Amino acid sequence: MSSDRLQQFQSILDQHADLAFFPISSDLQYLTGVPRDFPNYGHTIHPGDWLQGAWISPSRPPVLPLPRMTAEFGGLSRLQDIDIRVLGDWDEPARLLRSILDDFDLPDKPRVAISDFATGETVSQLQRLLPGAIWLSATALLRRLRVIKSADDIELMKQAGRITEAAFADTLAQMRHGMTELQIVEEVNYQLRKHGSLGQSFTTSLYNSAPSLPLIFGDRMKSWPRALEPPVAILFDFGGIYEGWCYDFGRTVFFGEPPAEAQRVYDLVMASQAAGIAALRADTATTSDADRAARDVIAAAGYGEAFRHRLGHGIGMDVHEPPFLTRGDETPLQDGMLFTIEPSIMQFNDYSARVEDVVVARPGGGEKLTNGWQELVVIE
């Protein structure tokens, strides 16, 4: 458990609410160290699943009720320094939670902060148990801590980056002309685990295009089987996990000799990223300033419409965290904020390119956490 983080949050909570609830989530892991498991595509539940999560007051240690299956088979019963209350398979969840809430000696109309990650079932059950409560967002209260990363946090993210780069290096060693997108995706996912990641921090994605291979968004069952024959640009988007910290990384690989257009879009994307990193100036710039600096490079070269997304996003124990590097977001940059800087040129019937690194906002401009493969990677 991070006692400093918990104490800082309890001080914030004391100003706004009597009690806070966090389900098993990045919020809870950040505050207490309670780990998350690798997620499933299909939802899985245990009896009484809606009550699992920690209750935190301004002055008392957290209380963590868990269904027996989560505590035992999920390994959480091994946790130290947290008050775990186990719900038996045939016990009544509301009765257990009522006893926990009574121990906090709440006022008649308590102010209860609840995490944005809580399910609808949890919220509806809590409303029955606390009908007079005034509800607010616990995630919003915690965000002011999560948005600034400490030196220790940044070191953990650097290790997530090292794992990610090691997985990319070993994936490159296996790449051959004619591989399918699915084969490459599965190689990336294997290499991430091989190098010490719990898994991929988000769904590993490739964005591949050439005049003879149209770019496809969002239809993996159609794009996965396609054989990638030269000449084709292969755009990577993936990341590893280290002790709860999520990396996000991108590089461009080319099968065959790159034509002039492929090299041109790649060079523009790299120049755009450099401009965005330089503009990530803590205390003097905003999030939209960084987006504009990077976007102007691509727009000036005539590819503005092919830069189809924001420049980047906050990142940490979640892959996407506020604030975002985008027009209209005027958040002042602060030293220790972590962002992705991920410009791209994505063309549906021509060559594309993208690059992505996690970058720390600093007074003199951004500090990259990963630096490998700055030149276009060519597999002849």
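Observations on the structure shown:
- All lysines inside 29 Å of Lys194 as judged from Cα atoms, apart from same-chain residues fewer than 8 positions distant: Lys149, Lys158, Lys222, Lys368
- Lys, Arg +1 and Asp, Glu -1 on Cβ, resulting dipole of the chain about Cα centre, debye, nearest 20: 220
- For segment 1-108, the pair-distance distribution built from all alpha carbon pairs, in bins 10 Å wide starting at 0, is 14, 47, 32, 8, 0 percent.
- Once the C-beta distance of Lys222 and Thr119 is scaled by a Förster radius of 35 Å, the resulting FRET efficiency is 0.60 to the nearest 0.05.
- C-alpha long axis of helix 93-103 to longest principal axis of the chain, angle in °: 70
- Segment 233-349: C-alpha pair distances exceeding 25 Å, %: 25
- Projected label points at Ser11 and Arg85, each 7 Å from Cα along the beta carbon direction, are separated by 2.9 nanometres.
- Max mean-square fluctuation residue, GNM over the chain, Cα-Cα springs under 10 Å, options Ala300, Ala262, Ala20: Ala300
- Shown here is the pair-distance distribution of the chain: with all Cα-Cα distances grouped in 20 Å bins from zero up to the longest one, the shares run 27, 49, 23, 1 percent.
- Global form of segment 38-93, assessed from the alpha-carbon gyration tensor, a/c cut-off 1.5: prolate
- Per-selection Kirkwood Rh - segment 65-184 (Cα, Å, 1 d.p.): 19.1
- Overall, the accessible surface of segment 239-354 at a probe of 1.4 angstrom is composed of carbon and sulfur to the extent of 51 percent.
- For segment 212-317: relative contact order, % (alpha-carbon pairs under 8 angstrom, 6 or more apart): 20
- Ligands, DNA and RNA left out, the accessible area of segment 73-139 computed with a 1.4 Å probe is 49% carbon and sulfur.
- Accessible surface calculations at 1.4 Å, restricted to protein heavy atoms, place the chain at 44 Å² per residue.
- Cα shape, segment 284-368, gyration tensor, a/c 1.5 rule: prolate
- Estimated at the nearest 10 Å², the accessible area of Ser99 is 50 Å² with a 1.4 Å probe.
- Principal-axis tilt of helix 181-194 within the chain, Cα atoms, nearest 10 degrees: 50
- Residue of Gln80, Gln29, Gln334 that the Gaussian network model of the chain assigns the largest fluctuation, springs spanning Cα pairs under 10 Å: Gln80
- In the chain, helical runs assigned H by DSSP with n ≥ 4 each contribute -39500 (n - 2.57); averaged across all residues and rounded to the nearest 500, the mean residue ellipticity at 222 nm is -11000 deg cm²/dmol.
- The modelled label-to-label distance for the pair Glu229/Phe104, using points 7 Å beyond Cα in the direction of Cβ, is 6.3 nm.
The values are calculated or read from the model by the stated rules, or taken from the named source; none is laboratory data. The structure presented is a predicted model; accordingly, all values stated were derived computationally and were not measured. Note that each Cβ is placed from the backbone with ideal geometry, even for glycine, and that neighbours are counted across all protein chains shown. Please note that ligands, DNA and RNA were not included when accessible areas were found on the heavy atoms of the full protein model with its side chains. Shrake-Rupley method; radii C 1.70, N 1.55, O 1.52, S 1.80 Å.
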